[in-house]
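Student: Below is the structure I would like to discuss, written out as structure tokens.
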Amino acid sequence: MDLDLEISDEDYVIGRAREALKTSIYEAKAWMITAKTLYPTNFTVQFEAYLIEKSVGNVKEAAKCFSEIIGKFQEKEELWKEIEALTTALRAESEDTNSETLFLCEMFKHMSSDVQHHLLLLTANHCEDTMEHCKLILLLLQKFPIAISSYGSKLVDTLISAEKHCHNGSYPSNPYRKLLICDVLPLLANEQNVKLDLSSKVLYKILYKAIEFYLHSLGFMQNIEQEDIKIEGAWQKLFSIVEFIGRQLEWDPLIAFGTNWSKEGYWQKVLTFCQQKPSNIDEKQMVYCLFIFFSYCLDEYIISTTPESSPGQIPTSYVLVEGFLDPTLPVPSIETKFKRRKNDTELFPHISVEKPEMKHIVNNFFMLVNCWEFLSNSEALNREFMKICNLLKIEPYLNGFIADYMVYKGRFDELLSFFQKSNFEIISKSIRIAHIFYVKKNYSACFEQILLILPLLSTKNTGNISTTLIVGGSHRHLHFLPLTHLAVLQYGVKLLLRCITENLLDNNYHEFAIGHALVLTQLDWPQEDEFIPPLMEKIKLQGSFHYPLFQNYIINVDILEELTYLWTTQGGQITLEIIPHLGQRRIGTRGADKGAKEEIKQAIRRQVARSNEKLDDMLFKFLTHERSQILQALV
């Protein structure tokens, strides 16, 4: 190479080493050994030696060179760039497969533990950005758990303080909170003997932040305008943090969550704990543990009543409604895990579901009821519990259960008031308001609520006619109703049928009301066949049946046979006015006009021929098109 008389001796040797590297690594290393020996305090020489070892992939020698540099030089910009690259690689070790990342991580492993510790601590203290500083301290603790006792408490304190001052610190999933909850606390929790140098006030603040963070990730706080975060195994991670904070606060371990537990088992632990309640118990432990347990049960209940749908299907949610009774049917057995007490049947109604495999909805509901009532029975616990609920703003997530609970307890006036103050999906709200108006004998208002629902029923989510809306016995019956087109229509039709027939009992003979009732019984035939005999008896006693809507809506073969029989001599020879154009001609069998009589026969045959038509479409049309006629039968 040409000799440049203006360069320094150090730069000359470095230049020779770089030139030699093109043809011989050994020659290049010889030049650098010479340079390092001659100029041990020159950063450029020492750093070049490191770069050469790195360029040829010599991990051990690169680690040795880098360790020497760290010990001698700490103010050089080129060194800090390399340190930043190294710490970035360490943080991405499990995710990044880039060759540079892999080399730097491997090189770090070949450094002595003292150098590693010194490097990470030096880097963290050098960093001016708080988030980067915290990440580097976390990295230090991950690599050297022994350092947790020295830096763990301070890291937690730094993150809490930083969160308070960051621009989005009020959001549950801000980056400082996320780092604290998802990375720092789990690391600390894994160390059994860690004792944080933090006050109980700060520890409760951390616990609250963890609860808020995970409940937000689970969807409890739907009113918070922030990007959703989904965390796998969120509940178990929260339980782990509660265990850790509980150890720091020296909580009684009897109601600890642990790793393997069931709702029923934990509930028994709570009851036992309260019976043996020690005098020195921390009341906050009870409040927080019960709040977390209740939230877990609430989440499971909501998931069971709003299950995920199969691909391509529309999701179906379920709401608790008042079911129906038929004393002639067998009394259903109690399959829930929560048994009734003797002579307590009014408090524990039978709750039915669509399919046996959905019984978990009932069990989830009863567990939630038990916990809710336990909290409600203690003024102090309930006050603190509701305080946490209000602080976390979880009312929208809680309201669905509260509405179901009011249905369960039969608190209909409270439920009406609750619906007025809270936001609910219209179908869920109106179907239950309809029942309340039915109970209050405000039949026209009940029908108006049903009409409000009908346009909202999705034909894409058809569903099925339920076979469990009616059960035997005389005790109270509740049902988890799927909000599908058929199930909601069926429930509305059943309510309206009972409104009409009960109104008939209180008023004089009303032919249109009887006709409407006959139309409504068809949708859920033969479950509603018990309504037919008394209706036919009324018609027989009156001696006639005038119903202009007959040809539009009555197509059930059994009902047609009953009416035809009443029309015959054996049945009582009633007069049937079912063909509008016959006008005032009251057609019977005695001396009847044969042509008119034949028309009636033909009309009934036409109705029989239509018996396979879709009843839900016909009933939907009946309810919407004949609104004024139906309302007249409800007055």
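The values are calculated or read from the model by the stated rules, or taken from the named source; none is laboratory data. Treat the numbers as computed from the prediction; the structure is a model and nothing was measured. Cβ: placed from backbone, ideal geometry, glycine included. Neighbour counts: every protein chain shown. Accessible surface areas use protein heavy atoms only, side chains included; no ligands, DNA or RNA. Shrake-Rupley method; radii C 1.70, N 1.55, O 1.52, S 1.80 Å.
Student: Which of the lysines could a cross-linker bridge to residue 60, judged by Cα under 27 Å and excluding same-chain residues fewer than eight apart?
Tutor: Straight-distance partners of residue 60: 22, 29, 36, 72, 76, 81, 109, 135, 143.
Student: Right, here's the next one. Taking the solvent-accessible surface of protein heavy atoms with a 1.4 Å probe, what is the per residue accessible area of the chain in Å²?
Tutor: 49 Å²
Student: Through the Karplus equation 6.51 cos²θ - 1.76 cosθ + 1.60, θ set to phi - 60°, convert the phi angles of the stretch 396-413 into ³J(HN,Hα) values in whole Hz; use x for Gly and Pro.
Tutor: x, 6, 8, 4, x, 5, 4, 4, 4, 5, 5, 4, 4, 8, x, 8, 6, 5
Student: Can you give the accessible area of residue 118 in Å² (nearest 10), computed on protein heavy atoms with a 1.4 Å probe?
Tutor: Surface accessible to solvent at residue 118 totals approximately 80 Å².
Student: Now a separate question. Which order do 114, 404 take when ranked by solvent-accessible area (1.4 Å probe, heavy atoms of all protein chains), largest first?
Tutor: 114, 404
Student: Considering the values (1) 1.52; (2) 1.77; (3) 0.95, which represents Cα Rg over 2.2 N^0.38 Å as calculated for the structure under consideration?
Tutor: Correct label, based on the coordinates given: (1).
Student: Between residue 154 and residue 98, what is the label-to-label distance in nm when each label sits 7 Å out along the Cα-to-Cβ direction?
Tutor: Placing both labels 7 Å beyond Cα along the Cβ direction yields 3.0 nm.
Student: Let me ask something additional. Sequence-distant or interchain residues sharing an amide H contact under 5 Å with residue 319, placed H: which?
Tutor: 481, 483
Student: Sticking with this one: Across the stretch 601-613, in residue order, what do the Karplus-derived ³J(HN,Hα) couplings come to in whole Hz, using 6.51 cos²θ - 1.76 cosθ + 1.60 with θ = phi - 60° and x for Gly and Pro?
Tutor: 4, 5, 4, 5, 4, 4, 5, 4, 5, 8, 4, 9, 5
Student: Using the Karplus equation 6.51 cos²θ - 1.76 cosθ + 1.60 (θ = phi - 60°), what ³J(HN,Hα) coupling, rounded to whole Hz, does each residue of the stretch 618-625 give in order, writing x for Gly and Pro?
Tutor: 5, 5, 4, 5, 4, 5, 7, 7
Student: Further, regarding this structure: Based on the Cβ-Cβ distance of residue 200 and residue 425, what FRET efficiency does E = 1/(1 + (r/R0)^6) give at R0 = 35 Å, to the nearest 0.05?
Tutor: For residue 200 and residue 425, the calculated efficiency is 0.25.
Student: Per 0.36 nm of contour for each residue apart, how much would the distance between residue 264 and residue 608 grow if the chain were fully extended, relative to their Cα-Cα spacing?
Tutor: 118.4 nm
Student: How high is the FRET efficiency from residue 275 to residue 249, r the C-beta distance, R0 25 Å, rounded to 0.05?
Tutor: Efficiency, rounded to the nearest 0.05: 0.65.
Student: Give the long-range amide H neighbours of residue 476: residues separated by 5 or more places, or on another chain, with amide H under 5 Å away, using H modelled in the peptide plane at 1.01 Å from N.
Tutor: 350
Student: What is the Cα centroid distance between the stretch 446-465 and the stretch 401-443, reported in whole angstrom?
Tutor: Cα centres, the stretch 446-465 to the stretch 401-443: 17 Å.
Student: Which residues' amide hydrogens lie under 5 Å from the amide hydrogen of residue 544, considering only partners 5 or more residues apart or on another chain, with H built in the peptide plane?
Tutor: 575
Student: Another one. Rounded to the nearest 500, what is the 222 nm mean residue ellipticity of the chain from helices alone, with -39500 (n - 2.57) per DSSP H run of 4+ residues and division by all residues?
Tutor: Value at 222 nm, helices only: -19000 deg cm²/dmol.
Student: Taking the full set of protein chains and a 1.4 angstrom probe, give the accessible area of residue 395 in square angstrom, rounded to the nearest 10.
Tutor: 70 Å²
Student: Hey, another quick one. For the chain, which whole-number percentage of the solvent-accessible area (1.4 Å probe, protein heavy atoms only) is attributable to carbon and sulfur atoms?
Tutor: About 50 percent, which is the carbon plus sulfur part of the accessible surface.
Student: Over 18 Å, how big is the tail of the calculated P(r) for the stretch 157-303, in percent of all Cα pairs?
Tutor: 58 percent
Student: Once you put a point 7 Å from the Cα of residue 465 and another 7 Å from the Cα of residue 192, both along the Cβ direction, what distance in nm separates them?
Tutor: That separation, rounded to one decimal, is 6.3 nm.
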